[in-house]
Structure formats: C-alpha cells, structure tokens
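Here is the structure we will look at, set down as structure tokens.
The values are calculated or read from the model by the stated rules, or taken from the named source; none is laboratory data. The model shown is predicted, which means the values in this text are computed figures rather than measured ones. Every residue, glycine as well, gets a Cβ built from its backbone with ideal geometry; the counts of neighbours run over all protein chains shown. Heavy atoms of the whole protein, side chains included, go into the accessibility calculation; ligands, DNA and RNA do not. Shrake-Rupley method; radii C 1.70, N 1.55, O 1.52, S 1.80 Å.
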Amino acid sequence: MGEVVITGLGVVSPLGHDVESFWQALLAGTARPRRVTTAGLPQPAPLYSVLDHPVADGDAGLGRATQFALAAAGSALRDSGLSEASRSGTMMVDGADGCGLSIGIGTGDGDLLEARRDGRRTDLTDLDWWQYGTAGTLAHRFGLHGPNLTVATACSAGAYAVATAAEAIADGEADVMLAGGTEGVSRPAMAAFARLGAGDPERCRPFDADRRGTVYGEGAAVLVLESEEHAAARGARVHARWLGSGWSCDGHHPTAPDASGEQALRAAAAAMTAAGCAPADVAAVICHGTGTPLNDAVESRTMARVFGDRLAEVPMTAIKAALGHSGAAAGAFACLVAGLVLTHRQVPPTAELDRIDPDCALRIVRERPAATGDGHVLVNAYAFGGNNISLLLGAA
Amino acid sequence: MMGAGVCAITGLGAVRDEFDPAVHLGRKGWRFLPRATQAGLVAAKLALEGAASTDVVAERVGVAVGTNFAISEISDEIDRALLRGGLAEISPMGCPNFSINLPASQVSMNHRLRAFNITLLSLLTAGPEAILLGARALRAGRADAVLVGAIEGRAEAGAEAVCGPPALDSGAAGLLHLERLDRALERGVQVLATLHGGLNRLLPVEPGRRATSATTALRQLTGGAPGATQLFLPAGGDDAVETAARQFHGDREGFAVVRGAAQASATSLLWLADALARVPAAGLVLAVLGPQGHFILLRFASEGQNAGSTDPASAEQ
Amino acid sequence: MSTTTSQDVMDELREMIAEVLEEDPENITETSLFVEEHEADSLRAIEILARIEKKYKVEVPQERLADMVNLRAVYDTLVEFSAEKS
C-alpha cells in the first residue's frame, strides 16, 4: 500500500474563496451568519452563506454546488502545481487515466429543480434535471479520467470522499485524486430541518451550554491527494500526509445519534489502528461539533473515552461555529483545516463560544488560536443516518 | 486494475415494483418509509436470509448502496408542500427522507449492520460502483460481509432521455451479499458466483479517445476475452464504447448490449441477480456506462471456477 | 355550535395516534405510554403533534412534546390550546 500526501487545497466558503483569507478568518474567530427568508418558512432563519463566489463565463446556468466545486477544485489544482505543469497549459491535468476524483454530495444542484418547481427556470436542458452530476462535470472540466465517485453519506460525505480518494491511490488505482465536498443551500432541506425542530434560531454554537441545534452553511472544500511517489517525482510541496480512517455505522435511528457513542468510538479506534498510532500521538482534534444538543454531548463523551487522562491536553475545535453545517462539504472542510493546522501548528478557536456546556468537558479552543505540539490531527465526521468516520492526518 | 480479492456472492435479493412489504417486513415499521426504501429493506432481508447470515456478526456487516432516484419523489413532495402551504403542510415523518443516505441507513438500522454504510450516486452506474466499493472494503478488513447493490425510486422528470421509457413505477432494489470466498467455504454456505475484480473510470468525450479508454480498461480488467460480456448503455446508446466492447469480446457468442436503464442504477443489479446462476466457465464481464461517462467494469466467475488458472493477467496486485 | 363531544374528540385522537404509531386503536388506552408501551420515538411524537395542529387548527409549542406521553395528556393539551385560541 502506497503512502498518500496532500498537495493542494482550495475553498469556496462563507469566510472567503481563497485558502489564506479563509484561514486568517478562522484564526480570528470570525463568523458571519446571515438571516435569510425562505419561501414558505415562517421566519427568517440563520444561514452561513457563500457570497460572490467566482463563476466562470458559461457556468452561470449551473447549480451552485457545482459552481462552488469547480472554483474550489480549480484553486486546489493551481495550489498543487498540477494544472500549471500540464502540457496543454490549461486546467486539464496530464495523465488522464491516472487522475480521478471523489466528491461528497448532499443535495447537489437541487437549486435547479427548486427553480423548475417554482417557475423561475423553464430552460433546463440536457442533464440539468440530474442534481448529483458535480463529479462528472469536474472530471470533464479538468480532464480527470481515473476513478470517479460521488459519495453521499450526508453530513460525513466530504470526509468519506477524502478517505475513498486516499484508498484509491493507496490501492494503486490512481496517482492523483481530487477529493472534497460541496453543498449549496437547499429549500426542502431547510424545510425538513425546520419541521423537525433541529435548527438553532440564532447561530451554530457547538459545545455551548445554550445550543439549540445546527444551522445550515454552504460552500466547497477540495483537496488534491497524490501518491508520495508521484508528488516527489515532480517536486510538489506537501501540505500534510494521509494516515488512515476508521468507518462505522450507528444503525440506530434516522436522525438521532446513538447516545451510547459505541460506533463513534469504534470509528476513532479503527482510525488509529489504520494510522498505526495511539491517542498519545494526537495533537489536536477537528470535531464534528454541530451545535445539536445530542451530537455535541455524544462526541464529547466519545473523545473523553478516547483520550482518557490526556483529555485536557488535546486542543479541540468546532469549525461549524464559523462555517455553519455545510452538509456534504463539512467533512472536507474539516480535512482541509486539519491540513492547515499541521502546516501552521495552530488550532483555530471555536467562534463566538459564550459558555461551554459543563457536560462537554473537552479542551475547546476559544477566543484565540492555540499552539499544538508535534503530532497528528484527528478529524471526526458523523451523519444523519449514522454514517461515522474518523480520520488522521500527519505532518508532511 | 483493482483486484477485489476473490469475493463470493452468497445471497441476493431482487425486488421490483410489485411487492407487498407486509409479507417480508411484518406488520409495522415500514409504512412511513418511501417505496424505494421499502424495496431496499425487502431486498436486504432476502439477501441476508439467502446467505444464512445469522452466522455472521451483524456489527461486522457493511452496506454499500448506489442510488439515483430513491428520494426524488419525497424531496419533490416536501418542496411542493412548502410552496403550497408552508411548514404545516409537511409531514414530519417524511422529513428525514430528504437525505439520500437514508434508504441505505434504514437497511443498517433494521438489521443492525454496523461495519459501515455508504451511499453512492453516479448516474446509472452507482449500483455496480457500490459492488466494487463493498468488495474493496471487504478486502481491507473493514467488514466480514457486505450488502451491496442499488435501491431505486421513481425517476425525475427528464430522466427518460437516459433511462429510456419509465418502467419503474415506484421502487426497485437489487442487493448482493458478498463475503470473502474462504469464509464462505468455511461457513459451508452456497456460493452463487465469485467476483474477481473491477474498475472505475470516467471516459473522455471524444469518440476515438473514448473507445481507446474503454479498451484499455477492459484489458486491465482481464487479459483474455471473457465467456460473456454484458454491456449496459444509456438509452441513446454509445457507438464508441459498444464497438470497443464488442471487439474486445471477439467475434463469437456471449456478447449482449442493453440500451436504457428503466430502473436507473438498479437495472444492472436486477439483471445480475438473474444472471448469476448462468455465469459461464470463462467468466462474465459486466460493463455499465453512464451518460456522464462513468464506466464500471466487474469480472465474475462461476462458483466452481478459479479464474486465475485460465487467465494469467487477472492475478491480483 | 359544535356537537362534538369530548368522547368523540378522544376517539378521533386515539385513531390518529394509532395510525402514527401503527397500532390497533384498541391498544391505545388513555394512560398507555407512547414511548414505553408503543415504541414511539421523537419523530413519531412530532408527527402526532403536527396532525393535531393541522386537524384542530391549534398551535402547540414543541416544548410541550415531552409532556404528551399518553392519550390523556394529548387530549388535555389540545383542550388547553383550543381554549387559548377561542
């Protein structure tokens, strides 16, 4: 099995559409939820929106999720040097069959179907009715003809996309894989959440004593994963190293996590086994931290069981406080932030955290960034429907 | 080429439109689920029973499912209800089903299958992709057995262009129970067929390059021509891929092509469920092409056949 | 003026709840507990509330869900919020 490294990062996010601005805003504890009015919903609800994202000429008719993914993927490929290095000098990547992609998708380009239903769009043609086509569009745009996966494990899809991409490379199926996730605001999804009473009326407040639920966010995060060999041969700069992942499924309830946390614990343990490391080797955690009373409580207990006596030493952060819950993109944002944590050895604070829930006895970073020691970064992602994943990234 | 490790297919469940959930799922627990999910649950039960899965620890069974349209109807309903009358028009029980991973998750919930659970979405090819992903996860030791295949619902308006005339009324599902061959033999359970490898590619648009890529992929999958090649294409066909596949198969019997997929990502699975009993001695290649260029290849052998002995290029990596 | 008796309403509620819980109406007594005796979960509780609100044109805050543990409690809640409405 080959070693896998991360050589490119790209984002489209509520905090900005380039990695540097995004990272600085995260470190500063920035959060910019807006209040939006949605047709049919009783009152304005908070939303962590993407504003003024880059859209190429000719892409204006595409769904927003695909637009975000195209921009983030383009940034990631430029960051990796692969697109500049391509012989054609375009965005197309050389080595057609050896480069693929795995993308996490939630509601996809459902905005086009919403517009068809309410009459705003009457011009849908070709495959416009196919709301999950982002991965195909990306592949043709960048000339990627290797393995192509659209992973739909809801709130953990972005992380599963990164994991399946890494495995494709480790198995020798590809030299390079784009990996990430994208999510645009979805009216039926907002309605379903509102109907279930699963939303916080103010903002996303993971681990806060007064948290009331999660809040939608949008955006895309894309990473370039590459075999170490391929990266070394072209002298690529490496952000971080992929170490492994652990998978599990609650098999418990459509919307509520299993309060016992057994499967979440198993995923974390399996990730460490895959990475060949122990809890003592972990320097920081990017939590799933959604702001729902249940998730944050269960995740806290799970992390307490993983780290035991060391719990107070391991800085943990919840980026949904700054980004909202971007569904299928969330896990990819978490992987991207883990990569940045490893490069900069700083853990961003959990934005706007008023009062930590005493039941969430974690060392949550707040107000200002925390320095990390040497060591790996653990990422957790859980989902509506119980699809759990934990994964580990290490320093370059 | 991705060697899947040799996997045994030890159970299957194929469900299409005409089924009564009560017969398989009991008195309660399914009425509020979309029809597609009900189909998935019935197929799962049949596959697990066929595999005598009570011998297998449920926590060590994973689920990998492809779908295209399992939640199209319910999403449409929720959005239209919202536009019509606001939140009060929406039934809360239906709400979790806006999330496309729920059909597969329900399978895990009903049977406590907790190794992992993944939903894939590529248009028309997600079912075979799920077989490949599940087989890979088995080989990586993430599970001792996997339920893999497709769960489908009624397609979105416009889908006839790629699926063909809609034949799917409300729900269909095709699921296979896969486990490592050595474990199946140990358990003494019947092996329906074996899976020896597979490939996942995204073909270029230009016909010349497309044909070359398809041929390269077939060669990577298996050095020798198979006993049977079953090719699934979108409704409009694909001359480049069909020609390449025909040439690879050779000028003899055993080549068949189906244009259109009335049950979307489940069409090839439903065909496979019937065909497993007839896998020829020289093996079967299942090739599925989607309208965006997704190209999935799977290589099967009959239960009594060790493909490695007749086919040196198929050796696992 | 409505000729619906409180027994009529109780029976209507029983039917509605039985449908959501997939039970025979006879099995739902005024005091049998939805969660402990009829396998209800949070989702079904929200559905029961939604159907009551729609049928009787009342608005009940979601916080009251925790109190609505059996048919009697549901009936009393409905009476309370119907009175508030009128």
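Couple of notes before you dig in:
- Test: residue in the range B:59-73 that is surrounded by fewer than 24 Cβ atoms within 10 Å (Cβ to Cβ), within 17 Å of B:Gly134 (Cβ to Cβ), aliphatic (A, V, I, L, M) and touching a residue at least 40 places away in the same chain (Cβ under 8 Å): no
- Given (1) open to solvent by 10 Å² or more (accessible area, probe 1.4 Å); (2) within 30 Å of C:Glu63 (Cβ to Cβ), number of the condition A:Ala189 does not satisfy: (1)
- Of the residues making up the range B:220-231, at least one is under 30 Å from A:Arg141 (Cβ atoms) and in a strand (DSSP E or B).
- The single condition among (1) free of Cβ contacts under 8 Å to residues at least 12 places away in the same chain; (2) closer than 30 Å to A:Pro188 by Cβ that A:Asp309 does not satisfy is (2).
- Hits in the range B:74-90 (condition: at the interface with chain A (Cβ under 7 Å from one of its Cβ atoms) and surrounded by 20 or more Cβ atoms within 10 Å (Cβ to Cβ)): B:Ser75, B:Ile78, B:Asp79, B:Leu82, B:Ile90
- Among the candidates A:Val314, A:Val285, the residue that is open to solvent by less than 10 Å² (accessible area, probe 1.4 Å) and more than 15 Å from A:Leu391 (Cα to Cα) is uniquely A:Val314.
- Test: C:Thr77 is more than 10 Å from every other protein chain (Cβ to nearest Cβ), in contact (Cβ under 8 Å) with a residue 12 or more places away in the chain, open to solvent by 40 Å² or more (accessible area, probe 1.4 Å) and hydroxyl-bearing (Ser, Thr, Tyr): no
- Residue within the range B:155-166 that is buried (at least 24 other Cβ atoms within 10 Å of the Cβ), over 24 Å from A:Gly246 (Cα atoms) and within 14 Å of the chain's Cα centre (by Cα) present: no
- Any chance C:Glu15 is more than 14 Å from chain B (Cβ to nearest Cβ), under 16 Å from C:Arg72 (Cβ atoms) and free of Cβ contacts under 8 Å to residues at least 24 places away in the same chain: yes
Matching residues to (1) open to solvent by less than 10 Å² (accessible area, probe 1.4 Å); (2) at pLDDT below 95; (3) under 28 Å from B:Pro165 (Cβ atoms):
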site	(1), (2), (3)
B:Ala240	no, no, yes
B:Ala256	no, no, yes
B:Ala262	no, yes, yes
B:Gly290	yes, no, yes
B:Ile296	yes, no, yes
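- Any chance A:Leu323 is out of contact with any Pro (no Cβ under 8 Å at 6 or more places or on another chain), touching a residue at least 40 places away in the same chain (Cβ under 8 Å) and open to solvent by less than 20 Å² (accessible area, probe 1.4 Å): no
- Qualifying residue in the range B:185-198 (condition: under 25 Å from B:Ala261 (Cα atoms) and either within 14 Å of another protein chain (Cβ to nearest Cβ) or free of Cβ contacts under 8 Å to residues at least 12 places away in the same chain (or both)): yes
- Filter result (at pLDDT 90 or above, open to solvent by 10 Å² or more (accessible area, probe 1.4 Å) and either assigned to a loop (DSSP other than H, G, I, E, B) or under 17 Å from A:Thr150 (Cβ atoms) (or both)) within the range A:72-103: A:Gly81
- Taken over the range A:368-395, residues that are open to solvent by 40 Å² or more (accessible area, probe 1.4 Å) and either modelled with pLDDT of 95 or more or within 14 Å of chain B (Cβ to nearest Cβ) (or both) amount to 5.
- Here B:Met93 clears all of (1) touching a helix residue (DSSP H, G or I) at 6+ places or on another chain (Cβ under 9 Å); (2) open to solvent by less than 10 Å² (accessible area, probe 1.4 Å); (3) touching a residue at least 12 places away in the same chain (Cβ under 8 Å) except the condition numbered (2).
- The listed residue being open to solvent by 30 Å² or more (accessible area, probe 1.4 Å), of a type in the set (Lys, Arg) and within 14 Å of another protein chain (Cβ to nearest Cβ), out of B:Arg210, B:Arg219, B:Arg201: B:Arg219
- Filter result for A:Ala329 (within 23 Å of A:Arg34 (Cβ to Cβ) and open to solvent by less than 10 Å² (accessible area, probe 1.4 Å)): yes
- Count - residues of the range B:103-140 that are of a type in the set (Val, Ile, Thr) and facing chain A (nearest Cβ under 7 Å): 2
- Selection over the range A:232-246 of residues that are closer than 15 Å to A:Glu3 by Cα and more than 23 Å from the chain's Cα centre (by Cα) gives a count of 3.
- Only one of the numbered conditions (1) in a loop (DSSP other than H, G, I, E, B); (2) surrounded by fewer than 19 Cβ atoms within 10 Å (Cβ to Cβ); (3) at pLDDT 95 or above is violated by A:Ser21, and that is (1).
- Being in contact with a Phe, Trp or Tyr (Cβ under 8 Å, 6 or more places away or on another chain), modelled with pLDDT under 95 and either hydrophobic (A, V, I, L, M, F, W, C) or open to solvent by 10 Å² or more (accessible area, probe 1.4 Å) (or both) is a property that A:Phe142 lacks.
- Matching residues in the range C:19-50 - criterion: being open to solvent by 60 Å² or more (accessible area, probe 1.4 Å), within 12 Å of chain B (Cβ to nearest Cβ) and in a helix (DSSP H, G or I): C:Glu19, C:Asn27, C:Ser42
- All positions within the range A:265-278 that are open to solvent by 10 Å² or more (accessible area, probe 1.4 Å), touching a helix residue (DSSP H, G or I) at 6+ places or on another chain (Cβ under 8 Å) and within 13 Å of A:Tyr382 (Cα to Cα): A:Leu265
- Pair list, Cβ < 8 Å and 6+ apart or interchain, from the range A:108-128 residues that are over 21 Å from A:Thr38 (Cα atoms) to residues that are hydrophobic (A, V, I, L, M, F, W, C): A:Leu124/A:Leu112; A:Leu127/B:Leu123; A:Leu127/B:Val162; A:Asp128/A:Leu112
- Within the range A:226-252, residues that are touching a residue at least 60 places away in the same chain (Cβ under 8 Å) and open to solvent by 60 Å² or more (accessible area, probe 1.4 Å) reach partners that are of a type in the set (Val, Ile, Thr) and part of a loop (DSSP other than H, G, I, E, B) with beta carbons closer than 9 Å, at six or more positions or on different chains, in the pairs A:Glu228/A:Val238.
- Residue in the range B:111-129 that is within 22 Å of C:Asp41 (Cβ to Cβ) and open to solvent by less than 10 Å² (accessible area, probe 1.4 Å) present: yes
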